[in-house]
1. Filter the stretch 294-337 for residues that are more than 20 Å from Gln87 (Cα to Cα) and of a type in the set (Val, Ile, Thr) and give the result.
2. For the stretch 215-233, name all the residues that are aliphatic (A, V, I, L, M) and touching a Lys or Arg at 6+ places or on another chain (Cβ under 9 Å).
3. Taking the stretch 29-59 only, how many residues are modelled with pLDDT under 95 and over 20 Å from the mean Cα position of the chain (by Cα)?
4. Restricting the search to the stretch 131-177, which residues are within 16 Å of the ligand (Cβ to nearest atom), hydrophobic (A, V, I, L, M, F, W, C) and assigned to a helix (DSSP H, G or I)?
5. Hey, could you check the stretch 120-130 for residues that are buried (at least 21 other Cβ atoms within 10 Å of the Cβ) and not in a loop (DSSP other than H, G, I, E, B) and say which is nearest to the ligand (Cβ to nearest atom)?
6. Can you work out which of the residues in the stretch 218-263 that are in contact (Cβ under 8 Å) with a residue 60 or more places away in the chain and aromatic (Phe, Trp, Tyr) is nearest to the ligand (Cβ to nearest atom)?
7. Does the stretch 30-39 contain any residue that is in contact with a Ser or Thr (Cβ under 6 Å, 6 or more places away or on another chain) and not charged (D, E, K, R)?
8. Would you please list the contacts, defined by Cβ atoms under 6 Å and residues six or more apart or on different chains, that run from a residue in the stretch 59-82 that is in the same structural domain as Lys23 (by TED's automatic domain parsing) and without any contact (Cβ under 8 Å) to a residue 40 or more places away in the chain to a residue that is within 11 Å of the ligand (Cβ to nearest atom) and not hydrophobic (A, V, I, L, M, F, W, C)?
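The values are calculated or read from the model by the stated rules, or taken from the named source; none is laboratory data. Quick caveat: nothing in here was measured; it's all calculated off a predicted structure. Here the Cβ is made from the backbone with ideal geometry for all residues, glycine too, and neighbour counts use every protein chain on show.
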Amino acid sequence: MKKTIVVVGSSFAGYTTALTLAKLLKGKHRIVVIDKQPDFVFLPSLVWHPFGYRNVDDISFNVLPIYDDLGITFMEAIVYGFDLKDQVVHTQDEDVHYDYLILATGTCANFDSVKGLLPGKTAWSICSLGEAEKTRKAWKAFLKKPGPLVIGATQRAGYFFAAYEFLLNALYHLMKNNLLGTIPIHFITPEPYLTHFGIGGLYSGASNCEDLFNRYDLNWHTNAEIREVKKESVVLETGESISSSFTMLIPQFVGTNAIRSTRKLADRHGLIRVNNQFRHKVYKNVYAAGGAVYIKPKEYTPVPCGVPRTHTVSEAMAKTVAYNVASHIEKGARVSISNNRLYEYCKQDMDHLSLALFGEQTTPHRDLDFIAKGSQEKWANLTIENYIESSFDSEYLKI
Ligand SMILES: Cc1cc2nc3c(=O)[nH]c(=O)nc-3n(C[C@H](O)[C@H](O)[C@H](O)COP(=O)(O)OP(=O)(O)OC[C@H]3O[C@@H](n4cnc5c(N)ncnc54)[C@H](O)[C@@H]3O)c2cc1C
């Protein structure tokens, strides 16, 4: 009998799952993707947008023609909850029945976790395209009237990479505007040392990063917990108050409202607990992939740090989910993938200088990891970013 597979979310995890499923199921079953927007936004490029290095069209594309080609139904709708017993997804317009449900709703920024952290009022943010656009205007205004600069991440933050990358881009822009060396710059992070990233660091990462920060006379605060963000300062738990004319902080990320509002679907942070086949621990026909999935930190830090889920990790989860759902339907063997085997790749850019990071798995005790800096890494990073963006846009994912 024809089954209906509903994928909620159409970004790295949802898009990859839907395309992989379409190739595996070859039109024998119905695939429905629901997202509040038909545009895929390449979130990692939001660190470039405020500086004018990328415009909206460069970092987004419409998924509809691709889904049409593959016989995937796309519904543009906001999902506000799930009935897991009756197997229904509630949207603002209609209820959608499913035989299999794949949750790829990612995460959302939890600005409330730090007192006074109000994007657009006391600080700027790059967690969504809308926020990055406002930050772009604010940064332009800041360059005309520069003052102390604070960049970093709050306690429990996810995506530390974004804070570092924003900082490096900001340094380059300041240099181009002959402002480097004229204003105090502070980097605040809950990480126990620079480039820990919530994943236990990478070989030689901290020393490379410290060299770079020293070269540009940056002040850095590790193990930092923020008590309050004010319009013109950031106050740490130690009582230290750091003046700021422009503050950009990466916050904690939690599960989305639709997930949090459904009882017994996720933990208290709205993150979904799955087994090593990315299948929900209670509801056997529900799977999850990407940012929405809980990943256990292997290492606890004095100030809590979130575990990042990069897009490469999200795509690996998504492909595993697609294989498992296909084999669930067709009664084949299941694929397992351990959280430890999901690798990380990330890049940090600053004009001619770049840090390239590679870790074979998300948590410490990796067989292979490195961090390197230099002009060749810049070249490698640009090549990889262009490759990833173009493979998402034009070519269907290879299975
Ligand atoms: C500023 C920033 C920089 C980053 N930099 C990097 C980097 O350099 N490298 C890297 O690998 N990763 C980076 N990441 C992380 C990367 O973006 C995530 O790993 C990735 O987006 C996770 O993909 P996802 O599909 O799980 O979730 P998301 O990309 O968050 O997508 C979730 C989708 O679900 C939809 N959705 C959610 N709720 C609903 C609802 N209720 N109804 C309908 N639709 C809904 C959303 O519209 C969205 O399309 C960065 C993230 C940020 C924010």
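1. Across the stretch 294-337, the qualifying residues are Ile295, Thr301, Val303, Val307, Thr310, Thr312, Val313, Thr320, Val335, Ile337.
2. Going through the stretch 215-233, the residues aliphatic (A, V, I, L, M) turn out to be 218, 224, 226, 229.
Result: Ile226, Val229.
3. 1
4. Selection gives Ala132, Ala138, Trp139, Phe160, Phe161, Ala162, Ala163, Phe166, Leu167, Leu168, Ala170.
5. That would be Trp124.
6. Of the stretch 218-263, the ones in contact (Cβ under 8 Å) with a residue 60 or more places away in the chain are 221, 223-231, 234, 242-259, 261-262.
Cutting the leftovers down to aromatic (Phe, Trp, Tyr) gives us 246, 253.
On the way: Phe246: 17, Phe253: 8 Å.
It comes out as Phe253.
7. As a first pass, look at the stretch 30-39 and keep what is in contact with a Ser or Thr (Cβ under 6 Å, 6 or more places away or on another chain): 30, 32-33, 35, 39.
Restricting the remaining residues to those that are not charged (D, E, K, R) gives 32-33.
Yes: the stretch 30-39 contains one or more residues that are in contact with a Ser or Thr (Cβ under 6 Å, 6 or more places away or on another chain) and not charged (D, E, K, R).
8. Asn62/Pro38; Asn62/Asp39; Leu64/Pro38
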